[in-house]
């Protein structure tokens, strides 16, 4: 089983274990595997914490395919899952080009290794860019909602479908509230962006249109859909509204529980950070390949090691994809 | 599998096909969400079980084929896989049961 391992026998690699190879794995490869195991446990810790929180709020957790519904070029089209499926596919393809680079390395084909590494880097960049786009949509939000005095999110529904605040509020803001920046108020102070609509506007517009209903965070266990209140119940909720929420940040979001967004930002962010590090390491290895470093060394084991890391990033995404978007 | 200088490209393409098909099935089920699978199940919905099993299938192919675990020495592979699987299962067991308990205890106190 000397599989995939090629090491010099001229004792130049004493620093890396001196030729002793427990389990037939080189020092570097074994350490990469041990790092991957520990990193896998880190990600498992995060995903388990996500699971705990989701179980804790199982009766009101946001429904993923109502949150992630955008696809580039398709404005206003309800396209749940398609984009993230594409991202998943891109990452799998980048894994394939990576493994092809490793394979070409075994055959000492420098040019092929370089091209496959290059393709892997490009796919990696596309993936990170897609994730940034996904974050942008998530942060900006698509409908807008309101928060009540007991910190629940209420969304608006018309004819069974969620509607955006802009779809039913046609009046102007009457409270003269403007965004406080350094230029128009205290020069040493500023505030985060304020919502486009005031609470009074929302209430007024809601009362004016009898076909509007309020949708709560709560799930109906029979249908697994969010509970939509009757018109009377909806009107009774109006006095509780304290704030208009548009999009998502770490403190609140229009999709529901704040911790849903917190976990989304943290776990996909941590994964994205791994992808970015992977791209950087791939770039370094790519230049080494092009410069002929491994050709002179006589083996492409570095490509194999960075490949292990890159596949691990893909492996983690497979789980993130399942637990954030599918389950 | 995999002596040095030997090419495994055929295996790689087969694994790509498998991963693509599995992902497509997952996404299709996630979009359609057939009521019979979505609203019934043991513990959680059948649909969630399908997603979890298919995810493990994908993880298997990535680790065994792409990360070359299938070509490593048996006990090196076991040192990696068994360690991770045992610790992760234990963590999930403890933490998810705790999550369920938190729900039972705290949900009745939430004012809607």
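Taken together, the values in this text are just the output of simple stated rules run on the coordinates, not laboratory data. On a predicted model such as this, the values are computed, not experimentally measured, just so you know. With ideal geometry, Cβ positions are generated from the backbone for all residues, glycine too; neighbour counts draw on all protein chains shown.
Here the contact order of chain A, divided by its residue count and restricted to Cα pairs under 8 Å and six or more residues apart, works out to 25 percent. Does region A:184-279 classify as rounded, prolate or oblate by the C-alpha gyration tensor (a ≥ b ≥ c root eigenvalues; a/c under 1.5 gives rounded; else a/b over b/c gives prolate, otherwise oblate)? Cα axes put region A:184-279 in the oblate bin.
Structural descriptor for region A:145-246: relative contact order 38 percent, calculated from alpha carbon pairs under 8 angstrom and at least 6 residues apart. Report summary: the helix-based calculation at 222 nm, which adds -39500 (n - 2.57) for every DSSP H run with n ≥ 4 and divides by the residues of chain B, gives -23500 deg cm²/dmol.
Every Cα-Cα pair in region A:30-104 was counted, and those over 14 Å apart are 77% of them.
Of the peptides A:187-194, B:72-79, the ranking by mean beta-carbon count within 10 Å, highest at the top, reads B:72-79, A:187-194. Here, P(r) means the percent of Cα pairs in each 10 Å bin from 0 to the largest distance; for region B:1-71 it is 19, 39, 23, 14, 5, 0.
How large is Rg over Rh for the protein assembly as shown, taking Rg from the Cα atoms and Rh as the Kirkwood inverse mean of 1/r across Cα pairs? My calculation puts Rg/Rh at 1.05.
Taking Cα atoms only, the orientation of helix A:82-106 departs from the longest principal axis of chain A by about 10 degrees.
Using only the alpha-carbon atoms, how far is helix B:9-32 inclined from the longest principal axis of chain B? Give it as 0 to 90 degrees, nearest 10. Here the helix axis deviates by roughly 20 degrees. Extension gain for residue B:81 to residue B:31 (0.36 nm times residue separation, less C-alpha to C-alpha distance): 14.8 nm.
Average projection, convex hull of the Cα set of region A:102-168: 8.3 square nanometres.
Taking each DSSP H run with n ≥ 4 as -39500 (n - 2.57) and averaging over every residue of chain A yields -16500 deg cm²/dmol at 222 nm.
Helix A:110-140 sits at what angle to the longest principal axis of chain A, using alpha carbons and giving 0 to 90 degrees rounded to 10? In chain A, helix A:110-140 runs at an angle near 10 degrees to the longest axis. Note that region A:144-228 shows a convex hull volume over its alpha carbon atoms of 119 Å³ per residue. Shielding value for A:150-158 is 1, the average number of Cβ atoms from other chains within 10 Å of each residue's Cβ.
Per the Debye formula with a single identical scatterer at each Cα and no solvent contribution, what log10 I(q)/I(0) holds for region B:73-112 at q = 0.18 Å⁻¹? After summing over all Cα pairs, the log10 values are -0.60. A simple spin-label model places pseudo-atoms 7 Å from Cα toward Cβ; at residue A:20 and residue A:112 they are separated by 3.6 nm. Ordering A:215, A:173 by the number of other Cβ atoms within 10 Å of each residue's own Cβ, fewest first, gives A:173, A:215. Mean partner shielding of peptide A:99-107, defined as the number of other chain Cβ atoms within 10 Å of each residue Cβ, is 5. Across region A:87-127, C-alpha contacts under 8 Å between residues 6 or more apart give a mean separation that, scaled by the residue count, equals a relative contact order of 54 percent. Peptide A:303-315 has a mean shielding of 3, counted as Cβ atoms of other protein chains within 10 Å of each residue's Cβ.
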